[in-house]
Amino acid sequence: MSEKTLLNTRKIGIYGGAFNPPHLAHVLCARSAVKSLGLDKLIVVPSGISPHKPEPKGAASGADRLEMCKLAFGDIVGAEVSEIEVANTAERSYTADTLRTIMERERYPGEAVQLFLICGTDMFVTLPDWYDAKFLFKNTVIAHCARPGTPDGGKAPAFPPGTEAVTVAMPQIAVSSSQLRELLPQGGGFGLAPDTVYGYIVKNRLYGVDPNLAWLRRKAYEFYKPKRILHAAGCEEEALRLSERWFSCSGTARDSDNYEQFCREAQTAAMLHDATKKLTLDEQLELVEKYGISADEDELQAANLLHGKTAAAIARTEFGVNERVADAIAFHTTSRSDMNLLEKVIYLADYIEPSRAPFYGLEKLRRLAYTDLDGAVYFSLELTAADLTFRGIKIHKSTADAIHFYSPCGQTLKN
Ligand SMILES: [Fe+2]
Ligand SMILES: [Fe+2]
């Protein structure tokens, strides 16, 4: 065994890559390397400006890749994510330079350090061509995490004499970052990256992701009391039916010409619309503060009025929904004048979904919702106003505006 593998030395693994985005095979490789090589420390280095390949189209920024790496590798004992390359935005990053810096930083008196350069097959086979490859071969043990499609861990390229290379055995999983980038805009890929990484991608809408609705539903329901999940599910089901009924009707005010996209937005709004319903007024007010929500005096005194706006803020900031979806959530309680189709769909779906306990006017409202959309909105507003008046609760201005707008009189004046 050479001086590079002396006992009683601190073993440090360096795992570099674009991690664009990090996926399950990356994490398995890191875990396997730590275990099989007995690493004391693993330094994950998301690449800076790569000398090897151009940045792929739609790539995430260095800052986002750094954050995703922290989420992906953060719970591996001894792992840390280094910004050494990402922070260098001025010039290309070379692994040999990165290693020199790390060797400098990790040097402690009276202690030997053994470095392992952990790499996947694509990097492993091209290593001899890298900048200052001699330095890499001389100062590290090359640890190759073999990927599928590379029998026997990939045929080792011609390394200089004396180079030490080991194969890290790891569970095989067929996934690559480029495959993930292709799947994400199609609602796929959520099982191929760590859940936290997928959440970050959705939250920040990276790679043109179209969030997987099953994943989103699971996350949305975590916000609900168990007994309200049935309501959220019913609302989603009803919203889909209303979308199918009204989307293609001429004269319907809508923001999108894409029916599938409209349905996905309706489902998203429905599953998140009551995400903050279980919170107390004080908890809602904390969210108002946290997200800088604009709310009037009446809303600030009533959790029931506020929950639409706070749920919209959660949907926007935690799940990256667009403004159409956020507005449909924000106004599902009070409604407002001149609502677009998505807002009407969510407002009515919330009112008439199948699990709603019977109330006076429900059956008429359900009929109207599929025969006269604005008539249904007006009738539901009348029901709300009557209920509030009966209970001695002030009608919110937004609701009053909507009543005026959707009343047959208002419609006549408008036309
Ligand atoms: Fe609600
Ligand atoms: Fe609701």
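Of note:
- Cβ pairs under 7 Å, 6+ apart, first in the range 178-202 and outside the structural domain of A72 (by TED's automatic domain parsing) and of a type in the set (S, T, Y), second surrounded by fewer than 22 Cβ atoms within 10 Å (Cβ to Cβ) and at pLDDT 95 or above: T196/L71; Y198/W215; Y200/E67; Y200/L71
- Scope the range 165-192; condition outside any helix (DSSP H, G or I) and closer than 10 Å to A25 by Cβ; matching residues: M170, P171, Q172, I173, A174, V175, S176, L192
- Residue satisfying all of: in the range 21-44; surrounded by fewer than 23 Cβ atoms within 10 Å (Cβ to Cβ) and within 22 Å of the chain's Cα centre (by Cα); nearest to V166 (Cα to Cα) among these: L28
So that you can scan it fast, the table gives a plain yes or no per residue for (1) in contact with a Ser or Thr (Cβ under 8 Å, 6 or more places away or on another chain); (2) of a type in the set (K, R); (3) assigned by TED's automatic domain parsing to the domain that holds Y221; (4) touching a residue at least 60 places away in the same chain (Cβ under 8 Å):
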position	(1), (2), (3), (4)
E289	no, no, yes, no
E299	no, no, yes, yes
A303	yes, no, yes, no
H307	yes, no, yes, no
I314	yes, no, yes, yes
T317	no, no, yes, yes
E323	no, no, yes, no
I329	no, no, yes, yes
T334	yes, no, yes, yes
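- Residues that are at pLDDT below 90 and not aliphatic (A, V, I, L, M), drawn from the range 69-94: N88, T89, E91, R92, S93, Y94
- If the condition is being within 18 Å of G62 (Cα to Cα) and either outside the structural domain of L42 (by TED's automatic domain parsing) or touching a residue at least 40 places away in the same chain (Cβ under 8 Å) (or both), then the range 85-107 contributes E85, V86, N88, T89, E91, R92, S93, Y94, T95, T98.
- From T317, T310, residue being more than 29 Å from G375 (Cβ to Cβ), within 12 Å of ligand 1 (Cβ to nearest atom) and either basic (K, R) or not in a loop (DSSP other than H, G, I, E, B) (or both): T310
- Residue satisfying all of: in the range 351-380; more than 15 Å from ligand 1 (Cβ to nearest atom) and of a type in the set (A, V, I, L, M); surrounded by the fewest Cβ atoms within 10 Å (Cβ to Cβ) among these: L362
The values are calculated or read from the model by the stated rules, or taken from the named source; none is laboratory data. These figures come from a predicted structure and were not determined experimentally. Don't worry about glycine lacking a Cβ; one is built from the backbone with ideal geometry, like all the others, and counts go over all protein chains shown.
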